[in-house]
Amino acid sequence: MHVIATAGHVDHGKSTLVRALTGMEPDRWAEERRRGMTIDLGFAWTTLGSGERIAFVDVPGHERFVTNMLAGVGPCPAAMFVVAADQGWQAQSAEHLAALEALGVRHGLAVVTRADLADPEPALAQVHGHLGKTGLAGIDSVVVSGRTGKGLDELESALARLATTLPEPDTEEAVRLWIDRVFTITGAGTVVTGTLTGGTLSVGDELEANGNRVRIRGLQTLGEKAERVTATARVAVNLRGADRADLSRGTALVTPRAWLPARVVDVRLNPAGSLRGETAILHLGSAAVPAGIRMLGAGTARLTLDRPLPLRTGDRGLLRDPGRREIVAGLLVLDVRPPALRRRGAAAARAAALDEVTVPDAAALLRWHGLLTGGELRAMGCPPAGTPVAGDWYAGPGHWASLTRRLADHVARRPPHDPGITVDAAAQLLDLPDRRLAEALVAPPLVVEGGRILPAARSLPPAIAKAVARLTADLAEHPFNAPTAERLAELGLTGKALAAALHAGAVLSIGKNVVLLPDALDQAANTLAELPSPFTVSDARVALATSRRVALPLLECLDARGITQRVDNDRRALRPRG
Ligand SMILES: Nc1nc2c(ncn2[C@@H]2O[C@H](COP(=O)(O)OP(=O)(O)OP(=O)(O)O)[C@@H](O)[C@H]2O)c(=O)[nH]1
Ligand SMILES: [Mg+2]
């Protein structure tokens, strides 16, 4: 299915076209039919001759209802842009086009309608002229009359062609369904509708709305019941456990833990004009939220929203000033967890950092934040690349190097016979959110001995320290791929040398000739936590990218430490922590 929003000035014939294409009435309210104008969003659908299903979100053209228009267009990947032949380009033709441009809509169809009333050529030329300057340049155009039906066949063919060019959504990704309607059905309870642009919804799924858990009790798409709906789709979701008062247009239903609620966000504005000290309404998805604007640099600003929204880096929205009755700027979300600006000059420094990138990726977020977990990076909209430094933690290389240096400096400054700083104290000293990060920072020339961080030279003979460093390098990529007995011999980590390294806590032995690094158990526990529970030895072996030779003793070690427990003969589960 594809979902297409209409766009265009009031009375230009949008609803008439939707009606003609679908045989359905998009104007749902009696008041709309009485006044002959669309006030709120309308929904209608059809199956084209090509077999393609198209759902329309029909928007109002009247200037007073722009907020409703934006809620409909916000999540839609494509638009049918309508201009009346007898009226030509009008104010909301311009405003709707500005909205589509701000939201980054790149797919659509231009329709000059009411061609029975006037020569369509001048309007067509205007449409091409205006669209040509936007991301919609070059889209197909069709001339029709909703009254006589002339040109409707061409319109259908053009829609079928448009459908083939729309990008395939990712049906695996986390769901964020922007709600555009909420209603109650006697006996069924609360139902919300929206345009599903990514991911999959299934009956029984748990979701979150404003931080509250709800469960999907039933699903419908295009008026039919469904067990499962994949993007792109119009969808009606019957919710269990939902408080009706907690849900409204602009609320998002999201996959739990996959999104961070954001109240303060850094954005890039387009155009880059200065909006110093202003407030405006942020329109994003189906939401319309008042936002305070603080300019950071020429084209970047910090928004403080009246209520938090689940936002990600890369989201597009727009700012509209209801007083001036115009869109002030489009925006691209850069960072949903921006650092506080405390010191003088912090805003300018932040602007300079933001200006280093066009669209931030994980590397940019790590540069700005120093340390983030893979889960945080994904929830912020930038899946991590590369390997974590410890557990699920990723680090900006510059930040990591500076932490390493600070720890080494600190250890070096301590008196010669000092017993050494504990790992926990190091974590505190460096303000690290997880002690495993402090452990991970301990690399030659530092070692951990008896839980304390010491210069390697003081604890291990240089040859052994070097062997440990080489083992560390071996295990950098695949931390559970324990060296073979031959490799251990080659490294010189056998006999007394191995015993010394074990004693110093520089390596970990989990079985005969199975040697790993000291943080292997923690790392394994993190990896196993991602598996569906319970899991078999073979599941664990695959997840840890290792062999049975390592997986078996590793799991026994984890059992012994109470990190895992046997569920039956061949399956285990992680023991709940804490
Ligand atoms: N002659 C003629 N009249 C049309 C045509 N299309 C629409 N109309 C008339 O134009 C008026 C407005 O049409 P709508 O389809 O309601 O326009 P709209 O764009 O949906 O208007 P809003 O939703 O209020 O923005 C109605 O009276 C229609 O009957 C057409 O092709 N020819
Ligand atoms: Mg209408």
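Which loop-located trypsin sites (Lys or Arg not before Pro) does region 92-135 contain, where loop means any DSSP state but H, G, I, E or B and the Cβ has at most 14 other Cβ atoms within 10 Å?
Of the trypsin sites (Lys or Arg not before Pro), the ones in loops of region 92-135 whose Cβ has at most 14 other Cβ atoms within 10 Å are 133.
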Exercise. In terms of Cα to Cα distance under 17 Å, which lysines are near enough to residue 150, apart from those fewer than 8 places away along the same chain?
Worked result: 14
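Please report the antiparallel percentage of DSSP beta bridges with both residues in the chain, rounded to the nearest 5. Walk me through the intermediate numbers first.
Working: 88 of 107 bridges.
Antiparallel bridges: around 80 percent, rounded to the nearest 5.
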Exercise. Of the peptides 26-39, 85-98, how do they stack up when ordered by the mean number of other Cβ atoms within 10 Å, highest first?
Worked result: 85-98, 26-39
Exercise. Just going by the charge dipole of the chain, with Lys and Arg at +1 and Asp and Glu at -1 on Cβ, which of 75, 138, 372 is farthest out on the positive end?
Worked result: 372
Problem set entry | Estimated FRET transfer efficiency when R0 is 41 angstrom, pair residue 67-residue 530 (beta carbons, to 0.05) | 0.50
Exercise. How big is the gap, in Å, between the Cα center of region 122-136 and the Cα center of region 324-340?
Worked result: 27
For this session: May I ask for the net charge around residue 240, where only other residues with Cβ less than 13 Å from the Cβ of residue 240 are counted and Lys, Arg are +1 while Asp, Glu are -1?
Result: +1
Exercise. So what's the gap between the Cα centers of region 195-259 and region 541-578, to the nearest angstrom?
Worked result: 36
Exercise. Near residue 220, within a Cβ-to-Cβ distance under 13 Å, what is the net charge of the other residues, with Lys and Arg +1 and Asp and Glu -1?
Worked result: +3
For this session: Please give the contour-minus-distance gain from residue 294 to residue 215: 0.36 nm per residue of separation, less the Cα-Cα distance, rounded to one decimal in nm.
Result: 24.6 nm
For this session: Average the reciprocal distances over every distinct pair of alpha-carbons in region 397-481, invert the result, and give the Kirkwood radius in Å.
Result: 13.3
Exercise. Quick one: if you take sqrt(5λ) for each eigenvalue of the C-alpha gyration tensor of region 282-365, what semi-axes come out, biggest first, whole angstrom?
Worked result: 22, 15, 12
Exercise. Roughly how many nanometres apart are two label points built 7 Å out from the Cα toward the Cβ at residue 25 and residue 343?
Worked result: 6.6
Exercise. Which value, in debye to the nearest 20, describes the size of the charge dipole of the chain about its Cα centre when Lys and Arg Cβ atoms bear +1, Asp and Glu Cβ atoms bear -1, and nothing else is charged?
Worked result: 1720
Exercise. So if R0 is 41 Å, what FRET efficiency would residue 406 and residue 567 give, r being the distance between their Cβ atoms, rounded to the nearest 0.05?
Worked result: 0.40
For this session: Could I have the simple spin-label model distance between residue 399 and residue 203, label points 7 Å from Cα toward Cβ, reported in nm to one decimal?
Result: 4.5
Exercise. Tally Lys and Arg at +1 and Asp and Glu at -1 over the other residues with C-beta under 12 Å from the C-beta of residue 400: what net charge comes out?
Worked result: +3
Exercise. Tell me, what HN-Hα J-couplings in whole Hz come from the Karplus equation 6.51 cos²θ - 1.76 cosθ + 1.60 at θ = phi - 60° for each residue of region 544-555, using x for Gly and Pro?
Worked result: 8, 6, 9, 9, 4, 3, 8, 4, 4, x, 4, 5
Exercise. Where a Cα-Cα gap under 26 Å defines reach, which lysines qualify for residue 512, not counting those fewer than 8 residues away within the same chain?
Worked result: 466, 496
For this session: Indicate, rounded to the nearest 5 percent, the antiparallel portion of the DSSP beta bridges found entirely in region 81-218.
Result: 55
Problem set entry | Rg and Dmax [Cα atoms of the chain; Å; Rg one decimal, Dmax integer] | 29.7, 97
Exercise. Roughly how many nanometres apart are two label points built 7 Å out from the Cα toward the Cβ at residue 414 and residue 134?
Worked result: 6.4
Problem set entry | Contour minus Cα-Cα distance for residue 545 and residue 86 (0.36 nm per residue) | 158.5 nm
For this session: Please report 107, 128, 2 as a ranked list, fewest other C-beta atoms within 10 angstrom at the top and most at the bottom.
Result: 128, 107, 2
Problem set entry | For region 175-267, alpha-carbon Rg and Dmax in angstrom | 12.6, 44
Seminar exercise, completed: Given the candidates 251, 174, 112, the one whose Cα lies deepest towards the positive end of the charge dipole of region 111-268, counting +1 at each Lys or Arg C-beta and -1 at each Asp or Glu C-beta, is 251
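Any idea what diffusion coefficient region 253-322 gets from Stokes-Einstein, in µm²/s, Kirkwood Rh on alpha carbon pairs, 37 °C, 0.692 mPa s?
Rounded to a whole number, D works out at 263 µm²/s.
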Exercise. For residue 325 and residue 154 in one chain, what is 0.36 nm times their gap in residues minus the Cα-Cα distance, to one decimal in nm?
Worked result: 58.0 nm
Problem set entry | Highest-first arrangement of 12-22, 541-551, where packing means the average Cβ count within 10 Å | 12-22, 541-551
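We did not get these values from a lab; they are worked out from the coordinates using the rules stated. Values in this document were obtained by computation on a predicted structure and should not be read as measured data. Methodologically, a virtual Cβ is constructed for each residue, glycine included, from the backbone with ideal geometry; neighbour enumeration extends over all protein chains shown.
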